[in-house]
Amino acid sequence: MKNWAGNLEYSAARIVRPESLATLTDVVASAATVKALGSRHSFSRVGDTVGTHVLLDGLPQEITIAENRQSVRVGGGISYGTLCRVLEDGGLAIHNLASLPHISVAGAIQTGTHGSGVNNQALAGAVQAIELIRPSGEQVRLTPSDGDAFFSSVVGLGALGVVTAVDLAVVPSFLMRQRVFEDLPWAAALDNFPALVSSAYSVSLFTDYSGPNIAQVWLKATADEPALTDLFGARAATVARHPLPDMSAENCTQQMDQPGRWLDRLPHFRHEFTPSNGDELQSEFILPLEHAPAAITAIQKLAGKLSPLLFISEIRTGAADDFWLSPFYQQQSVAFHFTWKLLQAEVEAFLPELEDALRPFGSRPHWGKLFTPTSYDFELLYPRFADFRARAAANDPEAKFRNPLLDAIFGVQAASTR
């Protein structure tokens, strides 16, 4: 079994798709090593294991809106696309979405996946409760009142348990508009970066870092935000655009300032479009927002090596949260996302140079994408990192939920061939 991109083949000796929570509990309790997989839209081996893989999409597809209509209980194997349609039918919404709505709720939250917006937290920011199966098979439900146990578990990389359900905060459904601007001069962007990324509810910049201009700026605005006709010298696109200039916009969410439902504007790609296995790789690095102009300048110096490996790079932002291993932990952030051509050896050879360029700015890698784990001082980057490592060791003394990537991140916990 391979991941979405096909760049890695998982190592599990056994694959199980439980159809009940009781069966899943038994599988976790009896396995020597075990990891859960969601939509497999991960480019790293964060979810790999040589033991048992459990696929959560066979569990009952529970989506239950609370009576007070302020939260929704969601089974861990459900995708955001499925969840969003149920919420919209009930007149509700969630605050943020990633580029693709096809990813699983539990997997996205556990790896710190996000959308965009200087005041919008990552997907984990909506979590009000999380339910997990511990290594013994014990089932636990954690809320903010559980303190450290909750804040360490939401973005947990699967190291603290198999997520079976989450409660997410919801808001009333809302309308949005999406508009694309083209050829934004880099000089204007760097001089006005805070204002640029705050110019709509969600803002994304698409570039390959070569040339004097940013190719595209996508603005996703709520109904009460003013429609912009000028953006620091960029020109409004006259037809719908795909982030890749040579690709049709057919599968992208509607643009041209046409009002539409939140679930049809917040992602970049339509739910009706089902992505096949993608001929691409991905990396992403998150750092404090105030360092964005300096970090961009550092990346531009690598454009000669970087651009030939790229399909496109996206620059986004996110609000701070309090989850111990969230890349947005206690810092308003800018995220530099790189969609690479399927040239894994070349990309992995170049990554250390890119990571070195971003290191002075406190860059944190996205856990589910390609990065060089041994090149980071995670205790320096994450104030609660040592606490998380200790909690994981105490919670999982036999290293049931560990694998080689987690060993590289946290240090080897126990001798094994994970």
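The values are calculated or read from the model by the stated rules, or taken from the named source; none is laboratory data. Just so we're clear, the structure is a prediction, and the values are computed from it rather than from any experiment. Neighbour counts run over all protein chains shown; Cβ positions are idealised from the backbone, glycine included.
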Can you tell me which residue is surrounded by the fewest Cβ atoms within 10 Å (Cβ to Cβ) among those in the range 111-133 that are touching a strand residue (DSSP E or B) at 6+ places or on another chain (Cβ under 6 Å) and part of a loop (DSSP other than H, G, I, E, B)? Val118
Any pair with Cβ under 8 angstrom, 6 or more apart, that starts in the range 371-388 at a residue that is closer than 14 Å to Asp407 by Cα and ends at one that is at pLDDT 95 or above and β-branched (Val, Ile, Thr): Pro373/Ile409; Phe378/Ile409
State whether the residues of the range 185-199 include one that is in a strand (DSSP E or B) and crowded, with 17+ Cβ neighbours inside 10 Å. no
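One line per residue, one yes/no per condition, for (1) touching a Lys or Arg at 6+ places or on another chain (Cβ under 8 Å); (2) assigned to a loop (DSSP other than H, G, I, E, B):
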{"position": "Leu219", "(1), (2)": "yes, no"}
{"position": "Arg241", "(1), (2)": "no, yes"}
{"position": "Met247", "(1), (2)": "no, yes"}
{"position": "Gln258", "(1), (2)": "yes, yes"}
{"position": "Leu263", "(1), (2)": "yes, no"}
{"position": "Leu266", "(1), (2)": "yes, yes"}
{"position": "Gln282", "(1), (2)": "yes, no"}
{"position": "Leu287", "(1), (2)": "yes, no"}
{"position": "Ile299", "(1), (2)": "no, no"}
Is it fair to say Asp230 is surrounded by 14 or more Cβ atoms within 10 Å (Cβ to Cβ) and assigned by TED's automatic domain parsing to the domain that holds Glu355? no
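Please pick out the residue among Glu348, Glu314 that is within 22 Å of the chain's Cα centre (by Cα), within 30 Å of Ala392 (Cα to Cα) and surrounded by 15 or more Cβ atoms within 10 Å (Cβ to Cβ).
Values: Glu314 fails: within 30 Å of Ala392 (Cα to Cα).
Just a single option satisfies the conditions, and that option is Glu348.
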Please go through (1) charged (D, E, K, R); (2) touching a helix residue (DSSP H, G or I) at 6+ places or on another chain (Cβ under 7 Å); (3) surrounded by fewer than 14 Cβ atoms within 10 Å (Cβ to Cβ) for Asp246 and return the number of the only condition it doesn't satisfy. (2)
Between a residue in the range 13-37 that is in contact (Cβ under 8 Å) with a residue 40 or more places away in the chain and of a type in the set (D, E, K, R) and any residue that is part of a helix (DSSP H, G or I) and crowded, with 17+ Cβ neighbours inside 10 Å, which pairs come within a Cβ distance under 9 Å, given they are 6 or more apart or on different chains? Arg17/Leu56
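In the list Asp387, Asp322, which residue meets the criterion of being in contact with a helix residue (DSSP H, G or I) (Cβ under 8 Å, 6 or more places away or on another chain), farther than 29 Å from Gly51 by Cα and of a type in the set (D, E, K, R)? If you could, list the steps in order and put the result at the bottom.
Details: Asp387 fails: farther than 29 Å from Gly51 by Cα.
Exactly one residue qualifies, and that residue is Asp322.
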Any chance you could count how many residues in the range 190-210 are within 19 Å of the chain's Cα centre (by Cα) and closer than 17 Å to Val118 by Cβ? 6
Just one of the numbered conditions (1) in contact (Cβ under 8 Å) with a residue 60 or more places away in the chain; (2) surrounded by 21 or more Cβ atoms within 10 Å (Cβ to Cβ); (3) within 17 Å of the chain's Cα centre (by Cα) is not true of Val74; which one? (3)
Just the residues that are surrounded by 14 or more Cβ atoms within 10 Å (Cβ to Cβ) and in a loop (DSSP other than H, G, I, E, B), please, taken from the range 7-18. Asn7, Leu8, Tyr10, Ser11, Ala12, Arg17, Pro18
Identify, by number, the condition in (1) more than 16 Å from Val127 (Cα to Cα); (2) outside any helix (DSSP H, G or I) that Leu325 doesn't meet. (1)
